[in-house]
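Report on the structure given below.
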Amino acid sequence: MQYDIIIGMEIHAQLKTKSKMFCSCANDGEDKKPNTTICEVCVGHPGTLPVINKQAVEWTILTGMAVNCEIADFTKFDRKNYFYPDLPKGYQISQYDLPISLNGYLEINGKKIKIIRIHLEEDTGKLLHPQNANYSLVDCNRAGTPLMELVTAPDITNAEDAKNFCQEYQKILRYLNVSDANMEKGQMRCEANISLQEKGRWKKSNGEIKPLGDYKLNPKIELKNINSFKAMERAVNYEIKRQTKVLNEGGRLIQETRGWNDSSGKTYHQREKESAHDYRYFPEPDLPPLILTELKEKARKKIPELPQAKAKRFITEYGFSKIDADFIVIDENLADYIEKVISEFSKKTQSEIWETHREKIIKLVSTWIINKLSGIIKAENSDISKIKITPENFAEFLALIFQNRINSSTGVKILDIMLKQGKDPSDILDSGDFEQIQDESALNKIIEKIISENPKIVKQYKNGKTSVIQFLIGQAMRETKGKADPAIVRKILIKFLTS
């Protein structure tokens, strides 16, 4: 049997406001002693009254605009009733029928994924499970943290697009500076709703899946406990295979919530999935409805250049490859640093050189910042905003390479000194024996010596095995302690070997 894969995403993102959603408690209890950043309001003591966090509302409007949503003129909060140990009030203040943002989209791999809504709610507490204990502990520090929930239409058809959607949304949240969106810390929680339907027996209407004729839809399964993008892709792929196997063997699927075990690489049953009516939504009686007209106008002025637009500009304006541009815009600090380096470089080498050699210069930026520098920063678990090298100094460093004053191996040594000491690259070059040897007369003597010491290699070259020249170039680089210009060395070697 052939099946269509239908995936919808629900993504929760904690907002990094100073205070919680409905009280004045500090919104910083993540790494603090359990139950120390709480008050009567966020744990739901009788007689307490919530107060709406204006910043959280503004950020939800801003996020909605960033993902092409319509912003409601009028919104309200609702009570979502359910009983669970980490929900101290026995209900969650959320939004039901009048969310703040609705009808948006994100373009992923050339496809528009519809966003049904982004609504605002409060987060729950957290359960702790001591090892070898027959009890669990409740930490309410997280209870009341502002939480945005994004819900997509069932427009995703494979695990890779599900992962890419989450990654793109994370970049947007970070560019807007509304959430750190760290999945490992639970600041961004991605849940996939997956169903498999027989081909030709269903249709999509208003963002919902509808059966055709007498076909009975297979239920959707919700995946939770996913704490990385790699795990997201693995979990969705596993669940697609599992559901396919059950259906092909004549089994029956149930509407359920399943967890993901990253160690075993399998999903497991947690509970049967609730429907909206099970939550008994009703308007929150302690909070007034909101008119958003004024906040919408303010938010429009605050939207920065977003990741997809920035990536397109880096391709068209500077000539980066799509792969490099997509990598650069993951980190807004990296993108800003690279733009400053390019700006400084064009000043140092004059605009006509920049225009003439743009492709070569961008290749240098890719090689030395994207590949080498970013790799070092990642290995040290650091951030480009914390390094000691200014964009001006890095531009000067690239100019030295561009002008052939230093080669790649010498460049690595100078870069290491710059990273550790923050020194100007020209000062490092002047203070040490780093400058590239380009004097052909000096290199002639070195190469004559190498040729005389390697008669077998010379004979192989003259007999047609030209690849051995790399060995001779390596000997010249060793003899000059990496300071020779490899291109000049090759030219001189060929002259000697063919004479």
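The values are calculated or read from the model by the stated rules, or taken from the named source; none is laboratory data. Only a predicted model underlies this, so the values are computations on that prediction, with no experimental measurement involved. Glycine gets a Cβ as well: all are built from the backbone with ideal geometry, and neighbour counts include every protein chain shown.
Structure summary
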quantity	calculated
Among the residues listed as Thr293, Thr257, Thr267, the single one being out of contact with any Lys or Arg (no Cβ under 9 Å at 6 or more places or on another chain), in the same structural domain as Ile11 (by TED's automatic domain parsing) and of a type in the set (Ser, Thr, Tyr)	Thr293
Failed item in (1) of a type outside the set (Gly, Ala, Ser); (2) in contact (Cβ under 8 Å) with a residue 24 or more places away in the chain; (3) more than 30 Å from Phe22 (Cβ to Cβ), with Ile226 passing the rest	(3)
The lone exception for Arg405 - which of (1) in a loop (DSSP other than H, G, I, E, B); (2) modelled with pLDDT of 85 or more; (3) buried (at least 17 other Cβ atoms within 10 Å of the Cβ) it fails	(2)
Tally of residues being among the aromatic types (Phe, Trp, Tyr) and either more than 25 Å from Val41 (Cα to Cα) or crowded, with 22+ Cβ neighbours inside 10 Å (or both) across region 75-100	1
Any strands (runs of 3 or more DSSP E) falling wholly within region 113-202 and containing at least 3 residues that are without any contact (Cβ under 8 Å) to a residue 12 or more places away in the chain and under 26 Å from Pro88 (Cα atoms)	none
Residue list for region 1-49, restricted to those being among the hydrophobic types (A, V, I, L, M, F, W, C) and farther than 30 Å from Asn218 by Cβ	Leu15, Met21, Phe22, Cys23, Cys25, Ala26, Ile38, Cys39, Val41, Cys42, Val43, Leu49
Segments classed as helices (runs of 4 or more DSSP H), wholly inside region 446-498, with at least 2 members that are closer than 16 Å to Thr410 by Cβ and in contact (Cβ under 8 Å) with a residue 40 or more places away in the chain	486-497
Long-range neighbours under 6 Å by Cβ, at least six apart or interchain, first residue under 13 Å from Lys481 (Cα atoms) within region 407-419, second among the hydrophobic types (A, V, I, L, M, F, W, C)	Thr410/Phe434; Gly411/Ile401
Residue count for region 315-341, restricted to those that are touching a residue at least 24 places away in the same chain (Cβ under 8 Å), farther than 23 Å from Val178 by Cβ and surrounded by 20 or more Cβ atoms within 10 Å (Cβ to Cβ)	4
Test: residue in region 378-386 that is farther than 19 Å from Ile417 by Cα, among the small types (Gly, Ala, Ser) and either over 21 Å from the mean Cα position of the chain (by Cα) or assigned by TED's automatic domain parsing to the domain that holds Met418 (or both)	no
Residue identified as within 19 Å of Ile11 (Cβ to Cβ), of a type in the set (A, V, I, L, M) and in contact with a strand residue (DSSP E or B) (Cβ under 7 Å, 6 or more places away or on another chain) among Leu147, Leu196	Leu147
Qualifying residue in region 355-373 (condition: in a loop (DSSP other than H, G, I, E, B), under 30 Å from the mean Cα position of the chain (by Cα) and under 17 Å from Ala335 (Cβ atoms))	no
Single residue of region 202-236 satisfying the filter (crowded, with 17+ Cβ neighbours inside 10 Å and polar (S, T, N, Q)) that is modelled with the highest pLDDT	Asn218
